[in-house]
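The values are calculated or read from the model by the stated rules, or taken from the named source; none is laboratory data. Keep in mind the model is a prediction, meaning the values are calculated, not measured. Glycine gets a Cβ as well: all are built from the backbone with ideal geometry, and neighbour counts include every protein chain shown.
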């Protein structure tokens with residue numbers, strides 16, 4: 001069948017059909033009898049919570065996973081994909097959520113690795129320049145990937161996929177790491193690909209995006225298909241209900257909150273990174289008051305990790321008074337003394353940083369609790385006290401686990417995150433610094449965690465939340481500051497913090513130019 | 001003049017085994033595998049190389065035996081670290097211990113025997129050039145091969161698609177896997193290549209350097225080769241410079257001792273190692289500006305998810 005023929009009678013013939021796809025890992029069903037039809041010239045959304053089986057399904061379509069049962073049909077013919085190269089040769093391309101890029105190689109080399117290598121490197125580079133110009137996705141082919149921003153890295157992934165001239169493009173949560181403006185640019189590209197007659201499969205859990213962009217949506221829950229619907233006829237709430245299987249409680253701040261004195265101060269902190277790919281912190285200053293939540297927004301890699309390390313004491317500051325916790329200069333103190341001052345820290349990485357994966361929860365409770373929570377008696381570990389801490393956290397935060405004191409690694413992401421956040425909050429810290437509190441956590445657990453942060457600030461603590469999720473920050477923060485290239489903007493009060501304004505700051509625009517832009521729009 | 005000539009010739013001879021072994025290890029580490037068993041593979045190459053040459057009477061056969069022995073030992077390492085996902089540091093150290101012991105056993109019957117050393121190959125035309133000709137173009141086959149090998153490795157890494165894939169696997173095995181490259185197969189090839197190079201480097205010692213075999217004759221050269229790879233920041237060009245710098249210092253200290261400068265010989269013997277440490281420090285200090293860093297996946301065990 002020639003290309004023209006297939007195009008002419010494929011007006012309503014599916015390009016790719018997945019029929020009854022089942023993938024079993026031991027007794028666990030990652031996909032359970034999932035069927036989905038993808039049509040040319042259509043953007044199809046694949047919705048679901050973490051662990052609903054979205055990634056398994058698309059990896060099957062890309063040949064990375066062999067299904068236990070079920071089949072794929074490509075243009076009506078049954079196919080068995082032997083691997084990604086096979087999928088690519090048929091015209092299936094994929095943009096991964098966790099970029100499949102090589103940091104120390106150049107842009108052109110990264111693109112070459114995603115192609116079959118049938119053309120010379122020079123010819124490939126020329127075509128790369130052509131494609132990136134055509135679609136308005138500028139890239140410098142000679143730059144190494146580690147020098148690029150997250151948005152630019154995603155551009156590489158997309159250009160690499162487009163270089164294959166795919167009939168079907170799969171995008172796994174492409175906007176998770178983009179600023180709102182970058183996301184808008186991406187949507188323009190996706191609309192154009194759709195108008196070129198390509199099929200797009202778009203994985204996301206941002207429902208407003210899906211409503212705006214997609215023609216069809218398939219919703220997965222617990223490995224099973226729940227529904228296929230037209231997102232434009234659904235509301236975000238109705239789709240959320242299908243994803244979660246229940247209504248999600250709204251988080252509410254306690255109304256009467258007394259904003260008191262600044263309990264956490266960062267004063268003109270400059271710090272050089274300790275790894276060659278890190279970010280310089282430049283003159284970061286901010287005050288977090290008791291009774292408020294201060295949000296720090298920004299695209300990943302703009303200095304948030306370095307700031308967290310400097311606040312938690314994993315890295316010491318150049319000057320003693322760069323960080324002040326409840327009136328005590330803490331810049332030269334390490335983690336434990338800072339905890340003793342009443343501070344608590346929740347790092348971004350759950351396994352390996354927030355917890356020791358192969359240790360029990362009680363031992364993990366001890367790791368942060370020994371400083372200030374009386375878990376050590378005369379130099380010996382007080383086992384009952386550590387177990388009590390686990391039980392208390394389990395109860396207050398609804399941590400679901402198989403036994404009383406399992407290994408940290410055996411918990412699901414959401415439950416482990418509830419444990420880590422709960423472990424710190426139950427100590428009633430005066431200052432809490434938390435990074436990406438709900439990253440990769442299901443909606444139910446995220447609501448529990450956000451509510452707990454609000455309640456803690458309501459009791460008079462100062463809470464600093466570093467997050468990439470703008471919606472989350474707008475939902476819970478009193479003020480929001482933005483990190484860009486290692487500098488921190490002035491905090492904006494929530495009432496004035498629109499997505500547009502924050503997005504511009506995340507892209508590095510100076511505050512004055514934002515005012516002008518707003519003015520121009522107003523006029 | 002003759003003494004300078006003699007020094008240069010002996011520097012080349014001292015540097016060649018380091019260069020051979022380090023070149024192989026560079027390819028292995030570029031693929032993201034850290035094989036600390038170079039010393040063990042070298043000494044096995046020395047024992048088997050000598051045995052092969054003694055029994056067959058041919059240096060070439062001996063060299064092939066050395067390569068085969070190094071590869072065989074590296075295959076054991078590959079089975080452990082790639083097949084069974086064992087910790088690479090532990091497996092590499094075990095490999096060295098195994099190699100040292102096994103080579104003593106294999107070589108026991110050959111201690112005290114002598115063979116004819118590898119013939120010097122005169123390159124027609126070039127070897128007749130006064131002064132330089134005899135120094136550079138009248139070497140044995142190992143020396144020429146080591147130079148060709150490093151150039152070949154450079155060309156492979158930076159000019160071929162295969163080299164690009166190898167570097168990609170070393171940089172991020174998860175990304176390479178996601179794009180459909182057979183990570184473990186590529187690493188197996190690299191490990192076997194490194195084993196062959198280490199075996200050849202070991203075989204050079206009894207076949208060309210000294211025409212007899214003694215147990216433990218590699219005397220830590222495998223460890224120096226490992227250090228040289230870091231020293232070169234995984235760049236083939238710098239590897240040549242490093243190997244020759246080290247070779248030169250280790251020969252010059254011998255001559256300095258012979259001159260009787262009154263410096264304790266132990267101190268002189270430690271000079272090459274001291275030089276390595278100093279250069280390592282200097283290189284790691286300048287790392288940020290040159291951007292040359294270790295392959296990001298170096299030493300990390302990879303288990304494909306299906």
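A few points about this structure:
- Some residue of the stretch A:491-498 being crowded, with 24+ Cβ neighbours inside 10 Å and under 22 Å from residue A:285 (Cα atoms): no
Residue by residue, here is whether (1) outside any loop (DSSP other than H, G, I, E, B); (2) modelled with pLDDT of 90 or more; (3) surrounded by fewer than 21 Cβ atoms within 10 Å (Cβ to Cβ) holds:
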| site | (1), (2), (3) |
| --- | --- |
| B:169 | yes, yes, no |
| B:181 | no, yes, yes |
| B:222 | yes, yes, no |
| B:230 | yes, no, yes |
| B:242 | yes, no, no |
| B:248 | yes, no, yes |
| B:261 | no, no, yes |
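- Residue A:349 vs. criteria assigned to a loop (DSSP other than H, G, I, E, B) and under 24 Å from residue A:422 (Cβ atoms): yes
- Scanning the stretch B:106-158 for residues that are in contact (Cβ under 8 Å) with a residue 60 or more places away in the chain, surrounded by fewer than 16 Cβ atoms within 10 Å (Cβ to Cβ) and touching a strand residue (DSSP E or B) at 6+ places or on another chain (Cβ under 8 Å) returns a single hit, B:119.
- Qualifying residue in the stretch A:24-32 (condition: more than 13 Å from every other protein chain (Cβ to nearest Cβ), outside any loop (DSSP other than H, G, I, E, B), surrounded by 23 or more Cβ atoms within 10 Å (Cβ to Cβ) and in contact (Cβ under 8 Å) with a residue 40 or more places away in the chain): yes
- Residue among A:306, A:287 that is part of a strand (DSSP E or B) and modelled with pLDDT of 90 or more: A:287
- Looking across the stretch A:184-208, the residues that are modelled with pLDDT under 90 and surrounded by fewer than 19 Cβ atoms within 10 Å (Cβ to Cβ) come down to A:184, A:185, A:206, A:208.
- Scanning the stretch B:135-181 for residues that are within 14 Å of chain A (Cβ to nearest Cβ), closer than 26 Å to residue B:243 by Cβ and in contact with a helix residue (DSSP H, G or I) (Cβ under 7 Å, 6 or more places away or on another chain) turns up B:157, B:162, B:163, B:164, B:166, B:167, B:169, B:170.
- Residue check for residue A:422: closer than 27 Å to residue A:54 by Cα and either surrounded by fewer than 22 Cβ atoms within 10 Å (Cβ to Cβ) or not assigned by TED's automatic domain parsing to the domain that holds residue A:286 (or both): no
- Within the stretch A:230-249, restricting attention to residues that are touching a helix residue (DSSP H, G or I) at 6+ places or on another chain (Cβ under 8 Å) and farther than 16 Å from residue A:208 by Cβ, the residue that is modelled with the lowest pLDDT is A:249.
- Residue satisfying all of: in the stretch A:67-86; closer than 30 Å to residue A:412 by Cα and facing chain B (nearest Cβ under 7 Å); farthest from the chain's Cα centre (by Cα) among these: A:83
- Given (1) out of contact with any strand residue (DSSP E or B) (no Cβ under 9 Å at 6 or more places or on another chain); (2) closer than 17 Å to residue B:167 by Cβ; (3) at pLDDT 90 or above; (4) surrounded by fewer than 21 Cβ atoms within 10 Å (Cβ to Cβ), index of the condition residue A:106 fails: (1)
- The lone exception for residue B:29 - which of (1) more than 21 Å from residue B:185 (Cβ to Cβ); (2) surrounded by 17 or more Cβ atoms within 10 Å (Cβ to Cβ) it fails: (1)
- Where a residue in the stretch B:280-304 is within 15 Å of residue B:229 (Cα to Cα) and away from every other protein chain (no Cβ under 13 Å) and its partner, wherever it lies, is in a loop (DSSP other than H, G, I, E, B) and at pLDDT below 65, with Cβ under 8 Å and at least six apart: none
- Selection count, the stretch A:468-499, where residues are assigned to a loop (DSSP other than H, G, I, E, B), over 21 Å from the mean Cα position of the chain (by Cα) and touching a residue at least 24 places away in the same chain (Cβ under 8 Å): 2
- Residue in the stretch A:465-483 that is over 23 Å from residue A:370 (Cα atoms), surrounded by fewer than 16 Cβ atoms within 10 Å (Cβ to Cβ), in the same structural domain as residue A:270 (by TED's automatic domain parsing) and modelled with pLDDT under 95 present: yes
Matching residues to (1) modelled with pLDDT under 90; (2) part of a helix (DSSP H, G or I); (3) touching a strand residue (DSSP E or B) at 6+ places or on another chain (Cβ under 6 Å); (4) surrounded by 17 or more Cβ atoms within 10 Å (Cβ to Cβ):
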{"site": "A:318", "(1), (2), (3), (4)": "no, no, no, no"}
{"site": "A:321", "(1), (2), (3), (4)": "no, yes, yes, no"}
{"site": "A:333", "(1), (2), (3), (4)": "no, no, no, yes"}
{"site": "A:337", "(1), (2), (3), (4)": "no, yes, no, no"}
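- Among the residues of the stretch A:87-134, the ones that are assigned to a helix (DSSP H, G or I), closer than 21 Å to residue A:174 by Cβ and within 7 Å of chain B (Cβ to nearest Cβ) come to 1 in all.
- Of all the criteria given as (1) free of Cβ contacts under 8 Å to residues at least 24 places away in the same chain; (2) outside any helix (DSSP H, G or I), the one not satisfied by residue B:253 is (2).
- Restricting attention to the stretch A:407-426, the residues that are assigned to a loop (DSSP other than H, G, I, E, B) and at pLDDT below 90 add up to 2.
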